[in-house]
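The values are calculated or read from the model by the stated rules, or taken from the named source; none is laboratory data. Fair warning: this is a prediction, and the values are worked out from it, not measured in the lab. Positions of Cβ are backbone-derived with ideal geometry, glycine not excepted, and every protein chain shown enters the neighbour counts.
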Amino acid sequence: MHSLPGESHGKHAHGAHGLSSAAPGRLTGRLKWAIAATLGLVIAELAGGLTGHSIALITDAVHNLTDAPTLVISWLAARLAERPPTSEKTYGYHRAGILAAFTNALVLVFVAGFLIWESYERFRRPVGVHSGIMLVLGAVGLVVNGGITLGLVHGRSDLNLRSVLVHNLGDALSNVGILIGALVIFRTGAAWVDPLIGLGIGIMVLWTTFGILRDSIHILLEGFPREMQLEQIARVILAVAPVQEVHDIHVWTLGSGHDVLSCHIRIPDMHIEESERLLQQINGRLGSEFHIFHTTIQFERAPAAPSGFYMPAPFDSTSR
């Protein structure tokens with residue numbers, strides 16, 4: 001049976017990789033331990049910072065205090081992402097991790113502003129610092145944050161977990177700064193070193209947050225995946241004979257590792273069985289070249305009509 005003139009066929013396909021969970025249960029378990037360890041560190045640093053008059057310890061404690069809700073949000077999002085699709089959430093809950101990363105990034109922007117302001121105030125009104133308390137708690141913080149970082153390193157491909165990983169790596173580096181500052185203060189008595197470390201921690205938090213914020217906003221706005229190029233995808237599809245033209249290409253990300261594609265493809269008249277084989281070839285190329293396993297492809301014989309969505313001029317066989 002041949003396709004009729006002007007008839008279009010909507011083809012939909014997704015493989016085992018298409019909508020499966022991206023967050024293993026082992027990582028969610030590590031997030032729970034990270035929450036408990038972080039809360040313990042916050043209590044110790046706040047007590048030590050107030051006792052030893054260290055703005056570096058206090059700012060790091062406040063910084064780590066914000067880790068607790070962000071870790072909880074990330075843990076809840078990771079658990080949600082494991083849920084299967086439903087009749088209402090047909091794509092599942094993969095966006096929960098992106099929303100968590102976006103929320104965490106917004107919180108960290110305000111935290112960074114607070115840390116920078118408090119450090120500036122301490123520059124204006126220096127206070128004597130107990131370097132011994134700084135040294136001990138800096139070492140404890142390094143062990144805790146370093147352990148959390150190593151525990152989550154295997155989940156760095158997930159934007160949600162990467163936001164936690166980057167944040168705790170920054171915490172570990174700030175602990176290194178506190179240790180160095182404590183040694184300098186112990187040897188020289190220079191009080192300005194403490195607020196300088198606090199200022200550095202605040203700037204580092206702000207710098208590491210912008211990348212997470214930018215990527216999460218891009219995904220939430222259905223942006224084209226940054227590691228791909230529209231022209232490359234079009235040429236891969238056109239390389240499969242007898243495809244003549246491809247237009248209305250849309251690629252977006254549900255969550256880390258879950259990209260989705262829809263497009264219209266112009267083909268000559270052929271049997272339905274032949275079009276099914278053609279669809280399998282196209283999906284095979286998209287999977288191997290771009291790791292896109294969830295597609296909705298519409299075959300057409302009529303000339304491409306103008307689209308109401310953003311899309312460059314259609315790609316045809318002369319564009320290969």
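So here's what we get for this one:
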| item | result |
| --- | --- |
| Filtered residue count, segment 255-298, keeping only those that are in a loop (DSSP other than H, G, I, E, B) and closer than 30 Å to Ile217 by Cβ | 5 |
| Pairs where the first residue, in segment 124-137, is modelled with pLDDT of 75 or more and the second is of a type in the set (D, E, K, R), C-beta under 7 Å, 6+ apart | Leu137/Glu45 |
| Leu278 vs. criteria modelled with pLDDT under 85 and surrounded by 20 or more Cβ atoms within 10 Å (Cβ to Cβ) | no |
| Segment 257-285 residues that are over 15 Å from Thr295 (Cβ atoms), paired with ones that are modelled with pLDDT of 90 or more and not in a strand (DSSP E or B) (beta carbon under 7 Å, 6 or more apart) | Ile267/Leu278 |
| Yes/no for Asn145 being of a type outside the set (A, V, I, L, M, F, W, C), modelled with pLDDT under 80, within 29 Å of the chain's Cα centre (by Cα) and within 27 Å of Ala182 (Cα to Cα) | yes |
| Positions within segment 201-212 being under 13 Å from the mean Cα position of the chain (by Cα) and surrounded by 18 or more Cβ atoms within 10 Å (Cβ to Cβ), in sequence order | Thr208, Thr209, Ile212 |
